[in-house]
Amino acid sequence: MVSTILPLTLKDVAVRRRGKRLLGPVDLTLDPDGLTMIIGPNGSGKTTLLRVMHGVERLSTGTATWAVPEEEARHRQSYVFQTPIMLRRTVADNLGYPLRLLNAPRAQVNARVRHWAERIGLADRLSLQATRLSGGEKQKLALARALIRKPDVLFLDEPCANLDGASTRDIESILQTALSEKTRIIMTTHDLGQARRLASDAVFMLHGVVHERGPASRFFGAAQTAELQAFFRGDIIA
Ligand SMILES: Nc1ncnc2c1ncn2[C@@H]1O[C@H](COP(=O)(O)OP(=O)(O)OP(=O)(O)O)[C@@H](O)[C@H]1O
């Protein structure tokens with residue numbers, strides 16, 4: 001097994017549905033390290049781009065290629081949806097599910113479940129039905145469930161939408177730890193403060209294409225295009 005599945009290279013990617021272009025053409029390379037933040041107005045194609053990268057969106061044209069065969073890359077990445085999906089089982093069962101799918105030994109599953117339950121503050125509620133958790137707790141559980149099998153790459157679609165400050169802070173702290181442990185993160189957000197806090201590089205989507213991209217320092221400090229400057233001012237971009 002090679003050490004990372006990256007880079008991911010998108011070449012001339014387009015997604016069309018019922019005659020409408022949702023995305024593209026997009027050419028983009030994701031290097032092995034850091035956190036790439038995808039931002040842009042509603043409907044600009046952020047989620048579609050994320051799904052293309054994760055390999056769950058049918059391409060109309062172009063290619064998305066990892067450094068390893070697609071089958072291997074698929075097993076080494078996780079995706080967390082904006083609205084967390086809970087299995088109708090206990091917190092412990094939800095956390096351990098990805099490891100059980102991999103037939104991990106029971107002792108290892110239990111140890112990792114305990115570690116992550118403590119990390120997300122649910123150690124005393126392991127036998128509670130996960131569907132009964134609050135929105136913030138569900139999102140933390142979904143994040144822990146995605147990280148428990150140590151993916152190379154983690155995709156997150158608006159992980160903190162509708163969450164309070166404390167839950168957002170907890171999630172950002174988990175993401176910082178994952179980054180320090182070399183998990184590659186690619187995420188979308190509507191929260192520009194969060195984008196500045198977390199990003200090592202950023203992508204600005206507009207009308208289904210990558211309008212501007214750069215390292216965080218230049219992207220947030222010296223936006224090159226009038227549209228990104230307008231977006232940062234809070235203007236409506238049609
Ligand atoms: N399955 C689909 N069929 C048709 N149109 C779609 C489909 N999925 C998304 N769209 C449209 O594609 C465009 C891009 O959607 P996408 O969800 O990628 O944007 P977004 O930037 O993530 O938006 P938001 O910030 O509102 O989540 C939008 O105009 C959306 O309405």
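Across all directions, the average projected area of the convex hull around the alpha carbons of the range 176-236 is 4.5 nm².
Volume per residue, Å³, of the convex hull around the alpha-carbon atoms of the chain?
Working: hull volume 31.8 nm³, N = 238.
Residue-normalised Cα hull volume stands at 134 Å³.
The mean sequence separation of alpha-carbon pairs under 8 Å and at least six residues apart, normalised by the residue count of the range 108-220, gives a relative contact order of 19 percent. Its relative contact order, with pairs defined as Cα atoms under 8 Å and 6+ residues apart, puts the range 87-132 at 63 percent.
Relative contact order of the chain, taken over Cα pairs closer than 8 Å and 6 or more residues apart, is 27 percent. Provide, for the chain, the number of lysine pairs with alpha carbons under 24 Å apart, each pair being eight or more places apart or on different chains. Step by step, the pairs that qualify in the chain add up to 10. Among residues other than P151 with Cβ under 10 Å from its Cβ, the summed charge is +3 (Lys and Arg +1, Asp and Glu -1).
Simple point charges give the picture: +1 on the Cβ of Lys and Arg, -1 on the Cβ of Asp and Glu, and for the range 148-204 a dipole about the Cα centre of about 220 debye. Each part reduced to its alpha carbon centroid, the range 178-231 and the range 1-78 end up 16 Å apart. Considering the chain as a Gaussian network with a 10 Å cut-off on Cα pairs, which listed residue, I39, I185, I174, attains the greatest mean-square fluctuation? Of I39, I185, I174, the most mobile in the Gaussian network model is I174.
Assuming a ≥ b ≥ c are the square roots of the Cα gyration tensor eigenvalues, decide whether the range 87-132 counts as rounded (a/c under 1.5), prolate (otherwise, with a/b larger than b/c) or oblate.
Values: a/c = 2.47, a/b = 1.32, b/c = 1.87.
Oblate, since a/c reaches 1.5 and b/c is not below a/b.
Note on Q108 and D124: their simple-model spin labels are 3.2 nm apart, each label 7 Å out from Cα toward Cβ. Taking the C-alpha atoms only, the angle from helix 106-119 to the longest principal axis of the chain is near 60 degrees.
Residues whose amide H lies under 5 Å from that of G40, counting only those 5 or more places away or on a different chain, are M205; hydrogens are built 1.01 Å from N in the peptide plane. Calculated [222 nm] ellipticity per residue, helices only, for the chain: -11000 deg cm²/dmol; basis is -39500 (n - 2.57) per DSSP H run with n ≥ 4, divided by all residues, nearest 500.
Which value, in debye to the nearest 20, describes the size of the charge dipole of the chain about its Cα centre when Lys and Arg Cβ atoms bear +1, Asp and Glu Cβ atoms bear -1, and nothing else is charged? List each step's numbers first, then the result.
Details: 33 positive and 24 negative charges, 156 e Å.
Value, rounded to 20: 760 debye.
Taking R0 as 25 Å, what FRET efficiency do you get between T65 and S180 from their Cβ-Cβ distance, rounded to the nearest 0.05? Kindly include the intermediate steps, with their values, before the conclusion.
On the way: r = 28 Å, r/R0 = 1.11.
FRET efficiency, T65 to S180: 0.35.
Express as a percent, rounded to the nearest 5, the fraction of DSSP beta bridges in the chain (both residues included) that run antiparallel.
On the way: 18 of 35 bridges.
Looking only at bridges with both residues in the chain, the antiparallel portion is about 50 percent.
Spin-label model, R88 to E72: label points 7 Å out along the Cα-to-beta-carbon direction sit 4.0 nm apart.
Read the figures in this text as sums done on the coordinates, not as results from a lab. Just so we're clear, the structure is a prediction, and the values are computed from it rather than from any experiment. Positions of Cβ are generated from backbone atoms using ideal geometry, with glycine treated the same way; all protein chains shown enter the neighbour counts.
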